[in-house]
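Colleague: Below is one structure. I have some questions about it.
The values are calculated or read from the model by the stated rules, or taken from the named source; none is laboratory data. In this text the structure is predicted, and so the values were computed from the model without any measurement. As a convention, Cβ positions derive from the backbone with ideal geometry for all residues, glycine included, and neighbour counts pool all protein chains shown.
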Amino acid sequence: MKKILFSVLAACVVSTSILTTTSCNEDETYAEQKDKEKKAIGQFLEDNDFVGKITPITEEQFYAQDSMTDLSKNEFVRFNDDGIYMQIVRKGNGPSMVELAKERKDSTVTRPLICKFLEYDIEGADTTYSIIYLSSINDKMLCTYSHYGRSYTASFTEGIMQSAYGSTVPKGWLKPLDYIRLTKVAGEEAKVRLIVPHSSGTSNASGYVLPFYYEITYQIPPNY
């Protein structure tokens, strides 16, 4: 019953978003939509209701800080290859996916992950989903890391993201996996904040050139 309810709610929200976006963007070129997205992200960096004014830092500074962001300065690292901004709120305990592959000397390593998240439409100035503080609700994914290609693939197996956008996990959600650690212990799980441009977002985001802000936690299921 819960799964059916998720599907109904997700369909309603996504349908509303698509209708609204289509009416606003039908006369805009892709270049104009990207310019609009860039301005929306710039404004979000300066003023938002979630973390306040953001201090962007370069990848070089991020790596010099042992791949961490300074929370006291509200730092977000901007990645040059995809334009994603990331803040590591809590790095987590345990090994990373990369370390697991090296330790086991495996070409690939696969882990189930449970996630809690908040999703915010930056251009629409609206929270679309928020389960990050709900203890009884999780999204679930199955994630594989390829050691040779240094790449990730993942599918949602249960939850709101799957119901709303399908099984494909957006690239933006996979970006933090190079930098966080995975644990089974609740309260010690990794937590990040992301600004995800449309090109690394969900099917809805990429189709309508929409940037989204996320807060996400990552944890290995306690019973795994």
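Colleague: Got a sec? Which of Thr58, Thr21, Thr16 is modelled with pLDDT of 95 or more and of a type outside the set (Asp, Glu)?
Modeller: Unique residue meeting the criteria: Thr58.
Colleague: Then there is this: Modelled with pLDDT of 95 or more, exposed (fewer than 15 other Cβ atoms within 10 Å of the Cβ) and assigned to a loop (DSSP other than H, G, I, E, B), is that true of Gly52?
Modeller: Criteria met by Gly52.
Colleague: Now for a separate question. Being among the β-branched types (Val, Ile, Thr), in a loop (DSSP other than H, G, I, E, B) and more than 19 Å from Gln43 (Cβ to Cβ) is the filter here, so list the residues in segment 180-219 that pass it.
Modeller: Correct list: Ile180, Thr183, Val185, Thr202.
Colleague: Okay, moving on. Scan segment 145-160 residue by residue and report those that are in a strand (DSSP E or B) and not acidic (Asp, Glu).
Modeller: Answer for segment 145-160, where residues must be in a strand (DSSP E or B) and not acidic (Asp, Glu): Tyr145, Ser146, Ser151, Tyr152, Thr153, Ala154, Ser155, Phe156, Thr157.
Colleague: In segment 86-108, which residues are under 20 Å from Phe62 (Cα atoms) and among the aliphatic types (A, V, I, L, M)?
Modeller: The answer is Met86, Ile88, Val89, Met97, Val98.
Colleague: Being over 20 Å from Tyr218 (Cα atoms) and either in contact (Cβ under 8 Å) with a residue 12 or more places away in the chain or of a type in the set (S, T, N, Q) (or both) is the filter here; which residues of segment 46-69 pass it?
Modeller: Asn48, Gly52, Lys53, Ile54, Thr55, Pro56, Ile57, Thr58, Glu59, Gln61, Phe62, Gln65
Colleague: Sticking with this structure for a sec: Collect the residues in segment 25-53 that are in contact with a helix residue (DSSP H, G or I) (Cβ under 7 Å, 6 or more places away or on another chain) and under 19 Å from Thr127 (Cα atoms), keeping them in residue-number order.
Modeller: Glu37, Lys53
Colleague: Okay, moving on. Keeping to segment 71-112, report how many residues are in a helix (DSSP H, G or I), surrounded by 13 or more Cβ atoms within 10 Å (Cβ to Cβ) and among the small types (Gly, Ala, Ser).
Modeller: Final tally of qualifying residues: 1.
Colleague: Here is a follow-up. Which is at pLDDT 95 or above, on the phi < 0 side of the Ramachandran plot and of a type in the set (A, V, I, L, M), of Leu142, Leu134?
Modeller: The unique qualifying residue is Leu142.
Colleague: Could you tell me which residue of segment 171-208 is farthest from Glu123 (Cα to Cα), considering only residues that are among the basic types (Lys, Arg) and within 13 Å of the chain's Cα centre (by Cα)?
Modeller: Result: Lys191.
Colleague: Quick check on Lys39: is it modelled with pLDDT of 95 or more, over 25 Å from Asn204 (Cα atoms) and more than 19 Å from the chain's Cα centre (by Cα)?
Modeller: No; evaluated as a whole, the condition is false for this residue.
Colleague: Inside segment 133-158, can you point out the residues that are touching a residue at least 12 places away in the same chain (Cβ under 8 Å) and farther than 18 Å from Leu177 by Cβ?
Modeller: Tyr133, Leu134, Ile137, Glu158
Colleague: Please indicate, with yes or no, whether at least one residue in segment 54-61 is of a type in the set (Val, Ile, Thr) and under 24 Å from Leu182 (Cβ atoms).
Modeller: no
Colleague: Sticking with this one: Quick check: is even one residue across segment 115-127 modelled with pLDDT of 95 or more, of a type in the set (S, T, N, Q) and under 26 Å from Pro222 (Cα atoms)?
Modeller: For segment 115-127, residues modelled with pLDDT of 95 or more, of a type in the set (S, T, N, Q) and under 26 Å from Pro222 (Cα atoms): absent.
Colleague: I've got another one for you. Among the residues of segment 162-175, is any assigned to a strand (DSSP E or B) and surrounded by fewer than 21 Cβ atoms within 10 Å (Cβ to Cβ)?
Modeller: Yes, segment 162-175 contains a residue that is assigned to a strand (DSSP E or B) and surrounded by fewer than 21 Cβ atoms within 10 Å (Cβ to Cβ).
Colleague: Somewhere in segment 122-144, is a residue buried (at least 17 other Cβ atoms within 10 Å of the Cβ), among the β-branched types (Val, Ile, Thr) and either touching a Ser or Thr at 6+ places or on another chain (Cβ under 6 Å) or in a strand (DSSP E or B) (or both)?
Modeller: yes
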